[in-house]
Structures are given as C-alpha cells and as structure tokens.
Amino acid sequence: MFVDLSPLKRNSEFRKLFTGQTVSFFGSMMTYVAIPYQTYELTKSSFMVGVISSVQLIPLVIAGLYGGALADTFDRRKLLIYSEIGLFFCSLLFLANCFLPVPSIAILMVIAALSSALVGLHRPSMDAIVPQLVEKKDLQPVAALGSLRYAVGAVAGPALAGVLIASVGVKATYIIDALTFLISIWALWSMKSVVTPQALEKADLKSIIEGIKYAYKNKLILGTYLVDIIAMVFAMPMALFPQLADEFNQKKHLGLLYAAMPVGAGLISLFSKPLGKYHRHGAGVILAATGWGVFITAMAFAPDLIWMSVALLMAGAADSVSAIYRSTIWNEVIPPHVRGRLGSLNMLSYMVGPLIGNVRAGSMASMTNSHLAILWGGILCVIACASCIWIFPTFWSYRSETVIE
C-alpha cells in the first residue's frame with residue numbers, strides 16, 4: 001500500500017539527488033508563497049499577482065527550450081549545479097529588495113523573471129538525469145517518490161512561509177530559500193558525473209526544433225502535455241489565494257490554501273503502490289485531470305476557507321494521480337538521447353499551464369469576482385478534459401509496459 005522506497009535504499013546516486021532536491025524544493029515553495037503575497041501587499045491587486053505569473057512565462061519558455069538542448073549536449077549534473085548557484089543568488093536579490101525603503105514591484109518582477117529562466121535551465125536536466133540513475137522497473141516508484149517530494153515541500157514550505165510572513169515578514173522566507181540551495185548544491189557536487197548518451201555536438205535552434213518535432217509525432221507524449229496544460233489553464237486558482245484570504249479576513253491562514261493541494265498529492269503518493277498495478281496510464285491521466293476540474297468547481301461552492309481547502313485537497317490528489325502516470329509514460333517512451341529536449345517540453349507543459357491559468361484566474365476575478373473565476377474555470381476544465389477521450393483516442397487506449405506486481 002505504501003510508497004515504494006527501494007530506489008532510495010539501493011541507489012546512492014539517486015538518494016543524493018532526491019535528498020538535495022527535496023531540501024531545495026522546500027525553500028523554493030516558501031518563495032513561491034512570498035512572491036505573490038509581497039506583490040498583493042504592494043499593489044492590493046489580484047491582477048498584478050497574475051501579471052507576475054505572465055512576466056515569468058516568457059523567460060521560462062525560452063530558457064526551458066534552450067535548457068533542454070543543453071541537457072542533451074553537456075554534463076547534466078554540472079548544468080544542475082550551475083543553475084542552482086544562479087537560483088541561490090536570486091534568493092539573495094529577493095532579500096535585498098526587501099531592505100529598500102519601499103520594496104520595488106518592478107525589481108521583484110525582474111528577479112522573478114530571472115529565477116524563472118534559471119528554473120527553465122534546471123528542470124530539463126533534472127528530468128533527463130533521473131532515468132539514467134535508476135532501473136526501468138523503478139520508473140513508477142520513482143515517479144511516486146517525485147510526487148511525494150513535491151507534496152512534502154509544497155505543504156511544509158507554504159505552511160512555514162505563512163507563519164513567518166505573519167510573524168516576522170517575507171525576509172525570513174528568502175533567507176531560508178537561499179540556505180536550502182546551498183545544501184542542494186553540495187548534494188549535486190558529491191555525485192558522480194553522468195554522461196549524456198549520444199550527446200549533441202551543439203545546442204542550437206535546429207536541435208530544439210528536432211525535439212519539438214519528435215514530441216509532436218509521438219501521440220503519447222503529446223497527449224501527456226496537452227491534457228495537463230488544458231487542466232491547468234482552465235482551473236488553476238492559486239493567483240486568487242491572497243484575495244480569498246483577504247476576503248475572508250484570515251491572512252494568517254493563507255498558507256492553508258497553498259498547502260491543501262500538496263497534502264492531497266502527498267496522501268496519494270504515500271499510498272501509491274497500487275497505482276503500479278493499473279496499466280491504462282493514458283486513461284488514468286485523462287480521468288484524473290477531469291477529477292481535478294470537478295473538485296475545483298466544488299471549491300466555488302465552499303462557504304469558508306476550511307471547505308475550500310478540502311476541495312483543494314481532493315483536487316491535489318487527482319492531480320497527483322495524473323502526474324504519476326504522466327511521469328511513468330514519459331520515462332517509458334522517451335529515448336535517452338532526447339530526454340533533455342523533451343524534458344524541457346515536459347517542464348513547460350506542467351509549468352506554463354499553471355502560469356497561464358493564474359493569469360486567467362486573476363484577470364477573470366478582476367472583471368467579475370473570485371467566485372465566478374473559480375466556478376467557470378472548473379466547469380470548462382471538466383468539459384475540456386473529458387473531451388480528450390475522443391480528441392486523443394491513442395493516448396486514452398495506451399497500456400503501460402511498467403506494471404508493478
């Protein structure tokens with residue numbers, strides 16, 4: 001019933017990577033709460049919170065695509081180290097902005113864009129290196145561990161961030177984030193070099209286009225990207241969390257909204273072993289994405305933050321099922337020599353979707369109200385995701401080779 005820990009027990013290189021990334025992700029999730037909170041406090045506008053997301057989008061796309069080509073060209077471990085050093089300095093810049101007489105929203109946006117670009121360089125190497133470290137039989141357990149890592153960091157990070165912001169301010173969140181990157185950099189430094197198979201001679205536009213064409217021609221990979229993007233664009237509600245906390249006059253519980261979805265994801269990840277026995281992973285992705293939309297719709301009818309958090313918890317559980325199956329499909333069907341470039345598309349599919357979704361939610365809330373922004377987003381998500389059964393029949397019918405007995 002419980003998550004399979006065997007990859008961590010018998011693989012020291014994967015254990016180092018997993019431990020370091022767990023620690024750094026914890027700090028990153030604190031900053032993930034601090035940036036929109038600071039933006040809302042400076043502007044009192046959910047629209048501006050959505051603008052922060054849009055500012056991060058272009059650097060993420062450009063750096064992500066190039067980062068994928070770099071990951072198929074150079075030592076992936078070294079790329080992770082360099083990008084995390086950059087993220088460490090971004091945390092220090094966020095902190096420095098806080099010490100200005102009046103923190104600058106413009107400077108906040110610039111640093112957020114820079115950190116987004118560095119994440120774009122980091123993530124493809126991360127996605128590409130993991131399958132090189134583990135055996136094929138461990139792909140589904142590793143996907144579940146990744147989901148669990150996300151859940152732990154995304155629960156503990158925002159929860160602590162909410163307490164620190166309410167008590168001592170956002171400065172403390174940026175300090176802790178910087179310290180966690182130092183730990184992660186040390187873990188990566190202690191690992192052995194990981195040779196990139198059939199490495200590209202040069203990371204250029206041609207190699208990026210080749211990766212995009214490969215993904216477009218593979219209907220299974222394309223399905224994982226598009227189903228997740230559809231779900232996030234229509235139903236991601238995070239840009240509204242500061243406004244909801246303000247409307248309910250419960251700012252000290254802001255972290256509760258951010259933590260609810262990861263708690264749901266964590267519960268699924270913790271009891272993820274039975275998921276390995278279900279081999280229709282494509283159907284699992286579509287049904288789970290539809291479930292995400294159902295629970296976001298239910299959130300619109302919640303009378304207070306507690307019931308909103310319950311709906312978000314269930315939405316997070318559904319999204320975790322989708323993420324585990326998507327990750328397993330990616331690692332099964334993507335060959336080693338294009339993992340970096342397709343890893344960049346993988347990253348963009350699950351990061352661009354929420355960013356655009358936050359812009360949608362913030363804009364719709366500014367034109368109507370937070371309730372309608374959540375309600376219509378959820379309804380459209382359910383309709384669009386359910387339609388994917390007929391739009392992507394090959395993906396819906398896919399049966400995985402990795403079935404855990």
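Laboratory data are not the source of any read-out in this text; all were calculated from the coordinates shown. Every value quoted in this text rests on a predicted model; they were computed, and no experiment measured them. As a convention, Cβ positions derive from the backbone with ideal geometry for all residues, glycine included, and neighbour counts pool all protein chains shown.
The table that follows gives values for the structure above.
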| quantity | calculated |
| --- | --- |
| Mean Cβ count within 10 Å, highest first, over the residues of peptides 189-200, 373-384 | 373-384, 189-200 |
| Test item: Cα-centred dipole of the chain, Lys/Arg +1 and Asp/Glu -1 on Cβ, debye | 620 |
| Shape category assigned to the range 24-176 from the gyration tensor of Cα positions, a/c cut at 1.5 | prolate |
| Cα centroid separation - the range 4-40 against the range 280-344, whole Å | 19 |
| Contact order relative to length of the range 213-358, as percent, for alpha carbon pairs under 8 angstrom and 6 or more apart | 41 |
| Out-of-range pairs (alpha-carbon distance over 32 Å; input Lys137/Lys217; Lys44/Lys219; Lys137/Lys206; Lys16/Lys273; Lys9/Lys219; Lys219/Lys273) | Lys44/Lys219; Lys137/Lys206; Lys9/Lys219 |
| Of Leu257, Ala239, Val194, farthest towards positive along the dipole that unit charges on Lys, Arg, Asp, Glu beta carbons give the range 109-257 | Val194 |
| Local net charge near Ser207, Cβ-Cβ under 10 Å (Lys/Arg +1, Asp/Glu -1) | -1 |
| Tail fraction, Cα-Cα pairs, the range 239-382, threshold 17 Å, whole percent | 65 |
| Packing-based order for 205-211, 47-53, using average beta carbon neighbours within 10 Å, highest first | 47-53, 205-211 |
| Difference of contour (0.36 nm per residue) and Cα-Cα distance, Lys202 to Leu92 | 36.3 nm |
| Whole-Hz ³J(HN,Hα) from phi, Karplus 6.51 cos²θ - 1.76 cosθ + 1.60, for the range 26-39, glycine and proline x | 4, x, 4, 6, 5, 5, 4, 7, 5, 5, x, 5, 4, 4 |
| Cβ crowding within 10 Å averaged over residues, with 213-222, 231-240 ranked highest first | 231-240, 213-222 |
| Prolate/oblate/rounded label for the range 318-373 (Cα gyration tensor, a/c 1.5) | oblate |
| Length-normalised contact order of the chain in % [C-alpha pairs under 8 Å, at least 6 apart] | 29 |
| Structure-based [θ]222 nm, the chain - -39500 (n - 2.57) summed over DSSP H runs of at least 4, per residue, nearest 500 | -27500 deg cm²/dmol |
| Average projection area in nm² (convex hull over Cα atoms of the range 345-405, one quarter of hull surface) | 6.2 |
| In sequence order, calculated HN-Hα J values of the range 291-300 (Karplus, 6.51, -1.76, 1.60; Hz; x Gly/Pro) | x, 3, x, 4, 6, 5, 4, 4, 4, 5 |
| (1) 28; (2) 13; (3) 48, with the label sought being that of the calculated percent of Cα pairs over 38 Å apart | (2) |
| Inter-site label distance for Trp390 and Ile107 at 7 Å from Cα along Cβ, in nm | 5.5 |
| Environment charge at Asp177 (Cβ cut-off 14 Å; Lys +1, Arg +1, Asp -1, Glu -1) | 0 |
| Positive-end residue of Ile383, Leu87, Thr328, charge dipole of the chain with Cβ unit charges | Thr328 |
